[in-house]
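The values are calculated or read from the model by the stated rules, or taken from the named source; none is laboratory data. Nothing here was measured: the structure is a model prediction, and the numbers come from that model. Positions of Cβ are backbone-derived with ideal geometry, glycine not excepted, and every protein chain shown enters the neighbour counts.
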Amino acid sequence: MTFANHLVVFARSPVVGRVKRRLGRTEGAVEAARIYRVLVYGLLRRVARDPRWRCWLYLDPDSAATDSGGWPQGLARRGQGTGDLGARMARPFRDLPPGPVVLVGTDIPDLRPAHIARAFAALGRADAVFGPASDGGFWLVGLRRRPRALELFYGVDWSVPQTLDQTLASLPEGTRIEIIDTLSDIDAADDLSRWRARERRERRTA
């Protein structure tokens with residue numbers, strides 16, 4: 001039996017003051033929200049329509065799932081539900097139809113379809129796959145979900161340099177794990193400055 005690949009994009013409605021608060025402290029809440037919109041809509045343009053997987057948009061707050069909000073038409077939307085970040089991220093792995101699930105965030109400007117394809121390929125060999133972030137967290141987590149989804153994220157501290165290590169330690173003994181590319185997210189002013197500098201260099205050499 002062939003199972004579909006499921007890509008989950010975990011996002012927030014880009015409301016001023018609710019997204020990128022660390023960035024907002026230096027750039028202002030309006031600019032932080034604008035940057036977030038650029039990141040999330042750019043990611044969806046790159047990955048949402050790829051025929052190699054079905055894309056699901058999991059949104060916070062839940063009400064955003066029933067409000068078009070400028071989201072791409074025809075893209076399946078669900079609310080993230082209640083609980084801390086770990087509880088909300090674990091939900092798609094339990095609830096989606098059969099098949100491997102890969103979940104990504106929205107603030108990784110270098111994320112491309114090739115990274116997603118690499119993660120699904122890894123799940124042909126492994127039970128779980130992770131894409132490490134340069135700050136000690138992760139930008140991607142995926143589960144094979146056969147014979148069942150693994151329990152994830154118990155006892156994990158979020159937004160600390162040990163987040164990925166703690167998540168790996170929370171997996172059952174004997175879990176086959178693959179690690180793919182390390183990428184950087186945009187959380188603070190330094191991250192934004194590096195991204196903008198690189199964008200300027202790429203435009204000059206294009």
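Contact annotation: no residue pair with Cβ atoms under 8 Å, 6 or more positions apart or on different chains, pairs a residue in region 104-132 that is touching a residue at least 40 places away in the same chain (Cβ under 8 Å) with a partner that is assigned to a helix (DSSP H, G or I) and among the acidic types (Asp, Glu). Scanning region 85-125 for residues that are in a loop (DSSP other than H, G, I, E, B), within 23 Å of Tyr154 (Cα to Cα) and of a type in the set (A, V, I, L, M, F, W, C) returns Leu96, Leu123.
Looking across region 166-206 at every residue that is surrounded by 15 or more Cβ atoms within 10 Å (Cβ to Cβ) and among the small types (Gly, Ala, Ser), the one that is nearest to Val156 (Cα to Cα) is identified as Ser170. Could you tell me whether any residue of region 109-123 is at pLDDT below 95 and either within 13 Å of the chain's Cα centre (by Cα) or within 13 Å of Val8 (Cβ to Cβ) (or both)? Checked against the condition, which is being at pLDDT below 95 and either within 13 Å of the chain's Cα centre (by Cα) or within 13 Å of Val8 (Cβ to Cβ) (or both), region 109-123 yields at least one hit. Checked against (1) within 12 Å of the chain's Cα centre (by Cα); (2) surrounded by fewer than 21 Cβ atoms within 10 Å (Cβ to Cβ); (3) at pLDDT 95 or above, Val104 meets all criteria but (2).
Within region 143-156, is there a residue that is surrounded by 23 or more Cβ atoms within 10 Å (Cβ to Cβ) and either without any contact (Cβ under 8 Å) to a residue 24 or more places away in the chain or in a strand (DSSP E or B) (or both)? Yes, that holds for at least one residue. Residues in region 1-53 that are under 16 Å from Leu140 (Cβ atoms) and not in a helix (DSSP H, G or I): Asn5, His6, Leu7, Val8, Val9, Phe10, Ala11, Ala48, Asp50, Arg52, Trp53. The residue of region 54-84 that is farthest from Tyr36 (Cα to Cα), among those that are among the small types (Gly, Ala, Ser) and not in a loop (DSSP other than H, G, I, E, B), is Ala76.
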